[in-house]
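Read the structure below first, then the notes.
The values are calculated or read from the model by the stated rules, or taken from the named source; none is laboratory data. Just so we're clear, the structure is a prediction, and the values are computed from it rather than from any experiment. Virtual Cβ from ideal backbone geometry, glycine too; neighbours counted across all protein chains shown. Areas reflect the complete protein model, heavy atoms only, side chains present, ligands, DNA and RNA absent. Shrake-Rupley method; radii C 1.70, N 1.55, O 1.52, S 1.80 Å.
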Amino acid sequence: MCGIIGYTGPRPAASVLIDGLKRLEYRGYDSAGLAVVAGGRIQQAKAVGKVKALEEAVAGSGALGSLVGCGIAHTRWATHGVPSEVNAHPHFDESGNFAIVHNGIVENYQELRRHLEARGCHFRSQTDSEVLAHLIAGAYEGDLLSATAAALEQVSGTYGLAVVSRHHPGMLVVARKGSPIVIGLGKNENFVASDIAPLLPYTREVIYLNDGDIAAVTAETIDLRNIKNVPVEREVAKIDWDAGVAEKGNFPHFMLKEIFEQPETIENAIRGRIDHEMGTALLNGMNLTARELAQITRIVIAGCGSSMHAGLVGEYYFEDIAGISTSVEQAAEFRYRNPIIEPNTLVIPISQSGETADTIAAVREAAAKGALITALCNVVGSTIAREAGRGIYLHAGPEISVASTKAFTSQVVVLLLYALLLGRNRRLNRADGNELACEIEAVPGLIRQVLKQAPKIREIAQRYAHCDDFFYIGRGCLYPTALEGALKLKEISYIHAEGYHAAELKHGPISLLDERHPVMALANDIPGKDKIIGNIQECRARKSPVVAVITEGDDSVRAFTDDVIEIPACSRFIAPLPTTVALQLFAYYIAVERGCEIDQPRNLAKSVTVE
Ligand code: F6R
C-alpha cells in the first residue's frame, strides 16, 4: 500500500519520479506528491487523485519539472487522514528543510505528536507520517543518516522511508522496517523505491534492504548501515523481469492483458518442474529431501483474499492427491489465534506480492513455533520469500491490475505441482503421477480455448451488468473457485456478489433468491455435477436467472439455465483453472459495461501492507 520512488542523478528528477509513480500507482491512488532538492531549496507539488493530477500540477508549476537534483515521491492509500493535498506526502518539518515519504504506520504517533507540539512544532496534516519529518529535524546535527536513525529509534510501528534535506543536495536516506525498500543501481545515478516496478526502465541491479537497514544514497555512493550505525553488506540482486511486462501494450486494461497472459504465465510456472520419467514434480527451491517430505504429517496454508482462495483449492489437492490432512487459514486469524503447529507441520504461506502484512506475520508466527515453511510468492526477493527461506516462485511476471488474475492461476498450478510431488512421495504410483503431470501440462491449451470465447462471455456479461447482487455456487474444488469468481466480480464491478458452497444455499441464503438475484453455477462435468443440477433447479424454482459454467458439449445442464459458458473437458483437479479464467472474463466485461475503474478499483490497493 502506498508507493515510494526516489531519484538522485543527472536527469530532471520530477520526470523520473512521475514516471515511477505511474508504475507504482497500483499500490495506492488517492493522492500523490513529490519534492525535489535543487538550487539550495526543496520544491514540492501535491495533488489529490491519480498521478495524472500531480503530473499536471508539476507541468503548471514552472521550473519544477526540469530541475536537476534529487527527489522523492509518493502515491498514497489513505490510512490516517482523508485523501487531501495536506495529507499527501511528502511531509515537511517546521523549517521546510527536511522532507519525507513514508509507507507503513507509526503506531505511537499520537504520543510523539503531543511531545513535538509541546516543543513548538506545528503539524499541517492528520497523518501519522508527519511526525517523522519533525523527529528527523529535531535529531539533526549535520548528518542526515544519523538523524534519521535517531528519529526511527523513537518510533514503534512499520516504515519504508525516504528522506531528503536541503542541507544534503544529491542525497537520499532510506530505511526499512516491515515495509519494503529497494535501491536500484544505475551508472552515475541511483534510485530508491518501495518495489522494483518503477526501476525496470532504468536498471536490473538492485539491493533489497533488510528490516533495520538504513542507507544514504547519492548518485555515486551507497552507504548501508543497520539502525545502530554499523556498516552492513547486502547482495546485489539481478532482476529478470523486463519493463515491457509492466506495460499495457494494446490492451485497454492491465487486467485484460493479465487474463490473456495466463497461457504463458502457467507455462512459466510449469517450465522445468515436471519429471516425466519419475511421474513427479521438481521443486528445487524447496530444498527438502524426499525423506523430509515423507515426514510431513499436516499442512497449514495461510494467505489473504485470492491467495487464500488458491490455498482452499490446494486443500483439495493435498488431501486428495497426497493424503495429507490440510487446513487453510486466513493469515490474520492464523497470526492471532495461537495456532497449533506440531513438529511435522508444513506451513505454506501464499502471497503474490510477498508483502501482505498479515501473511508476513503468519510466517513469523509459524517460524517462532518451529514449523517447516515453504512459501509461494510471485515477487522475487519479497519479504515473505526471503523470510521463509524456502519456497516456490510463481514466475507470473509483474501483476499490475489490483484484482489478482494470473497470480491466482499460477498459485493453483504450483499447488497442484506441490501436491503431485507429495503424492508421489507417498501413495501415488509413477503412472498415475505421470498422468497428472500430463494433465498439468495441458492447462495452457485449455486456457487458450477459454480465451477464444471472450466475445461470447462478453455478450453474456452485458445481459447481467445491471444486476445489484449475484450468487456464485460450486462444489469440491469448484467451491473455492466460486469464492474467487465472486471476489473478482465484487471488487471490480461493485456488484454485491457472494460465493457459497452449493449445498449451503439451502441453509439460509436461498431466502434471498428471486428474479433480481442471478446465480452463477459451476456445473462442470466432474464429480458433484448431479448435485449441482439439483441446486440449479432449486434456484430456478425461486425465479433466479442462472448462468452456468459447463463442460463443452454437455447438454445435461443447459436445459436448466438461462446462459452457459463452456469450458473444455478436464478432470476435477484441473477444472478450477479454465473455470476461473472464464469467471475473470465475466467479471471484467461486467465492469467494462458499468464503466468502472478496472485496474484501480475504489478503496483498494495492490499490496495490503497494514493489518
Ligand atoms: C483480489 C486480490 C487480493 C489479494 C490479497 C493478498 O483480487 O488481489 O485479495 O489476493 O490482498 O495479496 P497477496 O497475494 O499479495 O498477499
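Selection of helices (runs of 4 or more DSSP H) fully inside the stretch 74-165 by the criterion of at least 3 residues being in contact (Cβ under 8 Å) with a residue 40 or more places away in the chain and open to solvent by less than 20 Å² (accessible area, probe 1.4 Å) returns 130-139, 144-153. Between ASN229, ASN284, ASN250, ASN268, the distinction of being within 21 Å of the chain's Cα centre (by Cα) and open to solvent by 40 Å² or more (accessible area, probe 1.4 Å) belongs to ASN268 only. Answer yes or no as to whether GLY499 is open to solvent by 10 Å² or more (accessible area, probe 1.4 Å), within 16 Å of the ligand (Cβ to nearest atom) and not assigned by TED's automatic domain parsing to the domain that holds ALA362. Considered against the rule, which asks whether it is open to solvent by 10 Å² or more (accessible area, probe 1.4 Å), within 16 Å of the ligand (Cβ to nearest atom) and not assigned by TED's automatic domain parsing to the domain that holds ALA362, GLY499 comes out as yes. Taken over the stretch 124-153, residues that are farther than 18 Å from SER95 by Cβ and within 30 Å of the chain's Cα centre (by Cα) amount to 6.
Per the conditions (1) out of contact with any Phe, Trp or Tyr (no Cβ under 6 Å at 6 or more places or on another chain); (2) at pLDDT 90 or above; (3) within 25 Å of GLY186 (Cα to Cα), the sole criterion not satisfied by LYS46 is (3).
When ALA541 is tested against (1) touching a residue at least 12 places away in the same chain (Cβ under 8 Å); (2) open to solvent by 60 Å² or more (accessible area, probe 1.4 Å); (3) away from the ligand (no atom under 16 Å from the Cβ), just one condition goes unmet, and that condition is (1). Taken as a whole, the structure leaves LEU505 outside the set of residues that are assigned to a helix (DSSP H, G or I), open to solvent by less than 10 Å² (accessible area, probe 1.4 Å) and in the same structural domain as MET278 (by TED's automatic domain parsing). Residues of the stretch 553-606 that are in contact with a Pro (Cβ under 9 Å, 6 or more places away or on another chain) and either away from the ligand (no atom under 16 Å from the Cβ) or modelled with pLDDT under 95 (or both): THR561, ASP562, ASP563, ILE567, PRO568, CYS570, ARG572, PRO578, VAL592, ILE598. For beta carbons closer than 8 Å, sequence separation of 6+ or different chains, a first residue in the stretch 516-538 that is farther than 26 Å from ILE495 by Cβ and a second that is in a strand (DSSP E or B), the qualifying pairs are ASP525/ILE550; ASP525/THR551; ILE526/THR551. When the stretch 331-347 is filtered for residues that are aliphatic (A, V, I, L, M) and either open to solvent by 20 Å² or more (accessible area, probe 1.4 Å) or away from the ligand (no atom under 13 Å from the Cβ) (or both), the ones remaining, listed by number, are ALA332, ILE340, ILE341, LEU346, VAL347. Restricting the stretch 425-445 to residues that are closer than 16 Å to ARG572 by Cβ and open to solvent by 40 Å² or more (accessible area, probe 1.4 Å) leaves a set whose member that is farthest from the chain's Cα centre (by Cα) is ASP432. Residues of the stretch 388-424 that are open to solvent by 10 Å² or more (accessible area, probe 1.4 Å) and more than 11 Å from the ligand (Cβ to nearest atom): ALA388, GLY389, ARG390, GLY391, TYR393, HIS395, GLY397, ILE400, LEU421, ARG424.
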